[in-house]
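Engineer: Would you mind keeping the following structure in view while I ask a few things?
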Amino acid sequence: MKEQREKKYIALVVLLCFLFSIVMPAAVLAQDTDSSNVPGPLDIKGHWAENQITNWVERGLAKGYQDGNFIPNKTITRAEFITLINRAFGMNKSETVSSSDVQLTDWFYNEFCKAKAAGYISGYQDGTMKPNNSISRQEVAAIISKLLGMEECDKLEAVLKSFSDKDSMPQWSKNAIASISTKGFMNGYPDKSFQPSKSITRAEAIATLDRVVGNLYTVDGVNGPEEGLNTISGNATINNSYATLQNTKITGNLILADGIGEGEVTLRNVEVIGDTYIKGGTDSIYLYDCSLNGVIVNKAVKLVSKGSTNIRRVRVNENVILDGNFAAVEVKDPGKVIELDKNGEIETLNLYAKAEIKGKGKIKTANIYTNGVVIEKKPQKTVVAKGFTAKVNNKVLKEGTYFGSSGGGGGGG
């Protein structure tokens, strides 16, 4: 009897081992690239995205399955996509997520906490995040647009007309699709369609993010040549604190990413043909002898312009301290605070939303197109648009033109 019980016990153990040998790999694969440390995907040779996938795997930004494959043509889930973003941009802050389908025990819980803190994902109206749903092309467009704080496309209808299926695009995604296609982050198909509701594949997701991120700097210290000029075709991203980029021309955009944290970054003799997106840093972003097209401030930071630095336009989406000379500064999101250091000077300030401008710096011309603007120090020239009022140097100004040297007298609007 005892021997029979032992035989049954052994048989049960063998059976369980056999079952687990079948079930466990499937469970691991369900969590996709984010739980395996196996390098070198085996199934991407000759794939159109082979170079991009290899690049991301080598940098530790993406991983394959435990069987050594990557399965590039498989659709990617929302959880997997935000994990790729968090790794590439060095997301390091978290905010508690309360969602019925994202639990503390889920492998992707921390990734959604980082995404929420970064402000590029909020969930659905029913309180869910739908982490295991395949992510669509228009959702990817919306996330990237929000992540970078991209402004509305000023050629919306013209851009959308280039897609044969523009009429199938919902209103909520049209601007995002136009914005990211204008930047070249996502393109249409050979038949000129965009296919907004189509699920994006793992290969397409990495190729898209690779175009957004471009050349990635992840190490503290000096990057770029000591002499001469290095040209980067496309975009570049810095996602670490206390890095310096020097003697470099970037033909696309420059992203100062969340991985900078509360640190600082220095740019020396850097030219950016596209836009510069500031998403990280608190101490300062130092600009020495730089030429920048547009600077979009998406993180509360101090922006220091030195030497021959020339910035065509600064768009303030978060509170900012300005030190140095700035040609044009604009505010379109309400409630922002601009502090002008004593050495700060703005040539033209355009205010389209409620804002507070304080500090001892100089403003040559302030154009005000809204109510609720407060400017501490009187600009040399203030223009208040028709139908609005503003408070300047503790005085209420109605529509009209006011000059600092005249003590605030007004002309007709």
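The values are calculated or read from the model by the stated rules, or taken from the named source; none is laboratory data. Quick caveat, the model's predicted, so the values are computed rather than measured. Using ideal geometry, Cβ is built from the backbone for each residue, glycine included, and neighbour counts are taken over all protein chains shown. Please note that ligands, DNA and RNA were not included when accessible areas were found on the heavy atoms of the full protein model with its side chains. Shrake-Rupley method; radii C 1.70, N 1.55, O 1.52, S 1.80 Å.
Engineer: Could you tell me how many of the residues in the stretch 339-391 are within 22 Å of residue 300 (Cβ to Cβ), in contact with a strand residue (DSSP E or B) (Cβ under 6 Å, 6 or more places away or on another chain) and among the basic types (Lys, Arg)?
Structural biologist: Selection size over the stretch 339-391: 1.
Engineer: For residues in the stretch 215-242 being within 16 Å of residue 280 (Cβ to Cβ) and out of contact with any helix residue (DSSP H, G or I) (no Cβ under 8 Å at 6 or more places or on another chain), which is least open to solvent (accessible area, probe 1.4 Å)?
Structural biologist: 236
Engineer: I want to confirm something. Restricting to the stretch 258-297 and keeping residues that are at pLDDT 95 or above and outside any strand (DSSP E or B), which single residue is nearest to residue 328 (Cα to Cα)?
Structural biologist: 290
Conditions (1) of a type in the set (Phe, Trp, Tyr); (2) buried (at least 17 other Cβ atoms within 10 Å of the Cβ); (3) part of a loop (DSSP other than H, G, I, E, B), marked per residue:
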position	(1), (2), (3)
299	no, yes, yes
303	no, yes, no
308	no, no, yes
312	no, no, no
329	no, yes, no
334	no, no, yes
346	no, yes, no
358	no, no, no
365	no, no, no
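Engineer: Is the stretch 232-255 home to any residue that is touching a Phe, Trp or Tyr at 6+ places or on another chain (Cβ under 6 Å), at pLDDT 95 or above and not hydroxyl-bearing (Ser, Thr, Tyr)?
Structural biologist: yes
Engineer: Applying the selection to the stretch 88-114, what residues are touching a Gly at 6+ places or on another chain (Cβ under 9 Å), without any contact (Cβ under 8 Å) to a residue 40 or more places away in the chain and not charged (D, E, K, R)?
Structural biologist: Residues satisfying the conditions are 97, 98, 99, 100, 102, 112.
Engineer: Applying the selection to the stretch 314-327, what residues are under 18 Å from the mean Cα position of the chain (by Cα) and either assigned to a loop (DSSP other than H, G, I, E, B) or farther than 21 Å from residue 118 by Cβ (or both)?
Structural biologist: Passing the criteria: 314, 317, 318, 319.
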